[in-house]
Amino acid sequence: MHSDRAPIALQIAAFAGLAFLHLPLLLIFVYAFTTEDRSYQWPPPGLTLKWFAVTWNRPDVWAALGLSLKVAAISTVVAMVLGTLCAAAVSRAKFFGREAVSLLVILPIALPGIITGISLRSAFSLGEIPFSTLTIVLGHATFCIVVVYNNAVARFRRLSGSLIEASADLGANGFQTFRHVILPNISTALLAGGMLAFALSFDEVIVTTFTAGQQQTLPIWMLEELVRPRQRPVTNVVAMVVVLVTFLPILGAYYLTRGGTDTAGGGK
Amino acid sequence: MEAVRPGIAARLSDLFWRRPGALLLVLLIPPLLWLGVIYIGSLAALLVQSFFSIDEFSGLINYEFTLKTYAELLRPANFDIILRTTLMAAAVTLAAAVIAFPIAYYAARFAKGHMKALFYLGVMLPLWSSYLVKVYAWKLILAKEGILTWAVDGVGASAALNAILALPVIGGGSLSVSYIGTFLVFLYVWLPFMILPVQAALERVPANLLEASNDLGARPGQTLRHVILPLAMPGIIAGSIFTFSLTLGDYIIPQIVGSSRLFIGQAVYAHQGTAGNIPLAAAFAVVPIVIMGLYLWMAKRQGAFDAL
Amino acid sequence: MSYAVEFDHVSRHFGTVRAVDNVSIAIEEGGFFAMLGPSGSGKTTCLRLISGFERPTAGHVRIFGETSEDLPPNRRPVNTVFQDYALFPHLSVRDNVAYGLMVQGIDKRTRHARAEEMLALVKLDSYGDRKPAQLSGGQRQRVALARALVNHPRVLLLDEPLGALDLKLREAMQDELKALQRQLGITFVFVTHDQGEALSMADRVAVFNDGRIVQEGSPEDIYQRPRTRFVADFVGSANVLSPALSRRAGGPEAWHSLRAEAMEAIEGGSGRLSGTVTTVRYLGAVKRVTVDVGGDELTVAIPAGQDAPAEGATVGLNWTATAMHRMEGA
């Protein structure tokens, strides 16, 4: 007999696994309130809100946050344009080299980030390109294309080809068809892809260490705190805020693509 | 509004109908330029540099084709780094597969409605939450004065923990400076990348297949071994591509949690940075590419890409 | 005579596949024209050559005398009812119907009024605010029809429009489409693989096979006088007699068709051919009797009122000489 109840051992293993994934993140929330500022002492000797005020008044944190948001915003826009174009081409027609195009889009995520990073860095140094916001964006947009692409391809696949033909048949030219039929049908997938690209860029550190030079994005600021802890309480607060901020686009993308066969986050 | 629009859009639209290839080209050129020039160009630049060498006395790069730099990889100190990283990647991949399977299986087969959404988000949120914050959380957990030591003391198992830490090679002064610590953090950070493809593969196993196996007299254990596992294999392989590749290329986790012995990523970072030995860094960077190339080639033969 | 659509030695090849191979047709204005054939026979490609989604590899497609090769679909006086209806899921029924007017830049009030007229024509007056997903299959089909008619096309193309409907609805729609065509006087070009549908609705039928037209004519022509064995088989009404069998039956040595209802089976008697009854199937109005005549099987239709021979009986088969229709070989 087949039953719809899972064996108890499987249930325990599944929920224990889920707990393993989440407990460390919850810990971050507790540490943001600890009164201890010199070690990672557990349990916290006391709880306080003062580190939030301290963090609020830190210009270096604000500067890093600002740069991260700027880079993520530009990279997302670039990735959305390029990823959508690529998805449209790949799902529109079978052409020679189509597989190679998909591979090319996925490669920056499939290969370890350090390779993308050092490649870009050595290219910048060969080309004598100075580090700037642009150099960070070049790296980020490159690996963000794939998340937009994945979402868009999934939606294009659902968009039946006869809809586009129906639009042309009824007298619409290509641009009208794009505006009135294609765009409304892929917009939520694009938005979801854009949100994920934003989250990916906002969080990226490995490639960024190679392309940022002396600039500090928020993850780079955190990395320095991790390597040489100087302001543990501020780091705790920043960590908590980062967790909360990245959850928003993920939840948003989930609700936008729910119910479809889209793979919202599968492409990270 | 459309009616008064000048004929240029209409004419362009006609052109694309007459020459569908032209539209394809217009769509493909921007992304291909970007990825081809910026990404592939950079990879090529890296590859080229790995065939240069560094002059030991002046520290300047000698721009002549040579395999000398690759030969350096085989020196015991460097080869150890490669071996250590590969073993770590293999261990992380195996452990991730073992932990991921029950979660994926439960989510794919038994979770319905809200529970399904819970499991989906339950995997998705840790996957997407900040990499550094996750590493940081483990720094908090593994610290000598941290929660793990506290918990182990609480249950009176400090002796056991000390015994484990006293083990050669994998042990160390504390968890946060041992290979065990590095392993745990790798496992934690990459685990969601294993769960998702395995779950995707299991979702595709029709329930009646399991009923058929049951019907033919298989015990649950036999069904698991002969039906579910083989069908989940492409998903496991797809997941292992992520866990393997990500571990091979990471340089931050072993730097923050672990012993002072280097991994490939750290070697790349160190050689390109302070040491200024870009050729050797490039050669080191080629190693994961080669390993992943072999791995992908084997995975492709197993049909793993259908589950991506 | 003016033609709505003319195919002048048209071919459409996909690589080595000859989807449409040197086809010439002339479709009269105001007629109801059916393209009949099995899947892959090239009929749908022909429809797409008219709508402009395919372009001929060779030859010319003329629409009202105008060569259309360089005319994109959006500029042709032709609209299509798609097989899967292709209703825009994000638009209401009213906006779907008004789509063709919207892209012409007609203002909202006018186009909505015209859309309502069209919805009334297909008896969906009160459905304008719904989304396509909230409609049944039959209703979606009507919306697709209304949408295709709103631009007043001179030719309406229908690609297997009844394929997704159940039997009862399909029969009702056949009558409605026929009535609509008479009422509007537009040329209908209709693609189907269902011979019953083609014969009952159209006034001209072209039978397709392997990218070519094997026969074109009135439904009666096709039914009574199939030109080739393929047509006889596909339309399915008649027995096909091989040259050898025709000879044995006393006819010339050539392929012939012989309609089941033109034959009689006399139990124990003699006839042009004799054989053994293998099965008798009761079909309501007729009984279908299958007779084995030395290796070949022939079907005889016997009106319900008459007695049929029993299975296993030896029968003689008879028919008048004119009932045998000579066909081209193969």
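The values are calculated or read from the model by the stated rules, or taken from the named source; none is laboratory data. None of the values given here were measured: they were computed from a predicted structure. A quick note on method: Cβ atoms are made from the backbone with ideal geometry, for glycine too, and the neighbour counts reach across all protein chains shown. Calculation scope for accessible area: heavy atoms of the full protein, side chains included, ligands and nucleic acids excluded. Shrake-Rupley method; radii C 1.70, N 1.55, O 1.52, S 1.80 Å.
With R₀ set to 22 Å, the beta-carbon distance separating A:L159 from C:K131 gives a calculated FRET efficiency near 0.85. Computed about its Cα centre, the charge dipole of segment C:3-232 is approximately 440 debye, with only Lys, Arg, Asp and Glu carrying charge at their Cβ. For the residues of B:97-105, the average number of beta carbons from a partner chain within 10 Å of their own beta carbon is 4.
Report, to the nearest 10°, how far helix A:218-227 tilts away from the longest principal axis of the Cα atoms in chain A, using its own Cα long axis and a range of 0 to 90°. Result, in degrees: 40.
Between C:L47, A:T35, C:G185, the Cα set farthest toward the positive side of the dipole of the protein assembly as shown (charges on each charged residue's Cβ, about the Cα centre) is that of A:T35. Only Cα sites of segment C:92-214 enter the Debye sum here, all with the same form factor; the resulting log10 I(q)/I(0) across q = 0.12, 0.22 1/Å is -0.48, -1.30, listed in q order. Projected onto planes of every orientation and averaged, the convex hull of the alpha-carbon atoms in segment B:1-94 covers 13.8 nm².
Max-minus-min Cα coordinates of segment C:53-120 on each principal axis give 43, 25, 19 Å, with the largest extent listed first. Shielding of peptide B:23-30 by partners, expressed as the average count of other chain Cβ atoms within 10 Å per residue Cβ, is 5. What distance in nm lies between label points placed 7 Å from Cα along the C-beta direction at A:L248 and B:Y63? Spacing of the two 7 Å Cα→Cβ label points: 4.8 nm. A 1.4 Å probe over all protein chains sorts C:R147, C:R212, C:R326 by accessible area into C:R326, C:R212, C:R147, starting with the largest. Calculated [222 nm] ellipticity per residue, helices only, for the protein assembly as shown: -17500 deg cm²/dmol; basis is -39500 (n - 2.57) per DSSP H run with n ≥ 4, divided by all residues, nearest 500. With kT/(6 pi eta Rh) evaluated at 37 °C and eta = 0.692 mPa s, and Rh the Kirkwood radius from Cα pairs, segment C:212-330 diffuses with a coefficient of 226 µm²/s according to Stokes-Einstein. Compactness of segment C:3-232 was expressed as the Cα radius of gyration divided by 2.2 N^0.38 Å, which yields 1.01. Counting only Cβ charges, +1 for Lys and Arg and -1 for Asp and Glu, the dipole size of the protein assembly as shown around its Cα centre is about 1440 debye. Since only B:A160, B:Y106, B:V286 are under comparison, the one whose Cα sits farthest along the positive direction of the charge dipole of segment B:73-307, derived from C-beta charges on Lys, Arg, Asp and Glu, is B:V286. Volume of the convex hull of the protein assembly as shown (Cα atoms only), normalised per residue: 247 Å³. Of the residues C:L157, C:G37, C:P243, the one whose Cα sits farthest toward the positive end of the charge dipole of chain C, with +1 on the Cβ of Lys and Arg and -1 on the Cβ of Asp and Glu, is C:L157. Put simply, when A:139-147, B:23-31 are sorted by average Cβ atoms within 10 angstrom per residue, most first, you get A:139-147, B:23-31. Applying a length cut-off of 15 Å (Cα extent along the axis) and a mean Kyte-Doolittle floor of -0.5 to the DSSP H helices of chain B leaves B:7-18, B:20-33, B:76-109, B:113-128, B:131-142, B:179-203, B:229-249, B:278-301.
Centre-to-centre, using Cα atoms only, segment A:70-84 and segment A:137-180 are separated by 16 Å.
Multiplying the residue separation of C:N22 and C:R212 by 0.36 nm and removing their Cα-Cα distance gives an extension gain of 67.7 nm.
The C-alpha atoms of chain C define a longest principal axis, and helix C:137-149 lies at about 60 degrees to it.
Hey, what angle do you get for helix A:232-257 against the long axis of chain A, alpha-carbon based, 0 to 90 degrees rounded to 10? Rounded to the nearest ten degrees, it is 20. Each other residue within a Cβ distance under 14 Å of B:L25 adds +1 if Lys or Arg and -1 if Asp or Glu, for a net charge of +4. Across segment B:187-267 the C-alpha pair distances fall into 10 Å bins from zero in the proportions 17, 33, 23, 16, 10, 2 percent. Take every DSSP beta bridge whose two residues both sit in the protein assembly as shown, then give the antiparallel share in percent to the nearest 5. Of the beta bridges lying entirely in the protein assembly as shown, close to 75 percent run antiparallel.
Here the simple spin-label model places points 7 Å from the Cα toward Cβ, and for C:D8 and A:R230 these points are separated by 8.4 nm.
Distance between the 7 Å Cα→Cβ label points at C:A285 and A:A9: 6.8 nm. Neighbouring Cβ atoms from other chains, within 10 Å of the Cβ of residues in A:43-55, number 0 on average. To the nearest 20 Debye, how big is the dipole of segment A:58-257 about its Cα centre, given +1 on the beta carbon of each Lys and Arg and -1 on that of each Asp and Glu? Dipole magnitude for segment A:58-257 comes out near 180 debye.
By the Cα gyration tensor, chain B has an equivalent ellipsoid whose semi-axes, rounded to whole angstrom, run 39, 36, 20 from largest to smallest.
Once Rh for segment B:93-173 is found with the Kirkwood sum over Cα pairs, what is the Stokes-Einstein diffusion coefficient at 4 °C and 1.567 mPa s, in µm²/s? Rounded, D is 83 µm²/s.
Sort chain A into rounded, prolate or oblate with this rule: let a ≥ b ≥ c be the square roots of the eigenvalues of the Cα gyration tensor; rounded if a/c is under 1.5, and if a/c is not under 1.5, prolate when a/b is larger than b/c, oblate otherwise. Because a/c hits 1.5 or more and a/b fails to exceed b/c, chain A counts as oblate. Subtract the Cα-Cα distance of B:L118 and B:R11 from 0.36 nm times their separation in residues, and report this length gain in nm to one decimal. This chain segment gains 33.4 nm when fully extended.
Once the Cβ-Cβ distance of C:A321 and C:D203 is raised to the sixth power relative to R0 = 25 Å, the FRET efficiency obtained is 0.25. Computed with a 1.4 Å probe over protein heavy atoms only, the accessible area of C:T110 comes to about 60 Å². Each listed q (0.15, 0.17 Å⁻¹) maps to a log10 I(q)/I(0) for segment C:3-120, found by the Debye formula over equal Cα scatterers with no solvent: -0.79, -0.94.
Extent along the principal axes, Cα only, for segment C:67-157: 40, 30, 23 Å, with the longest axis given first.
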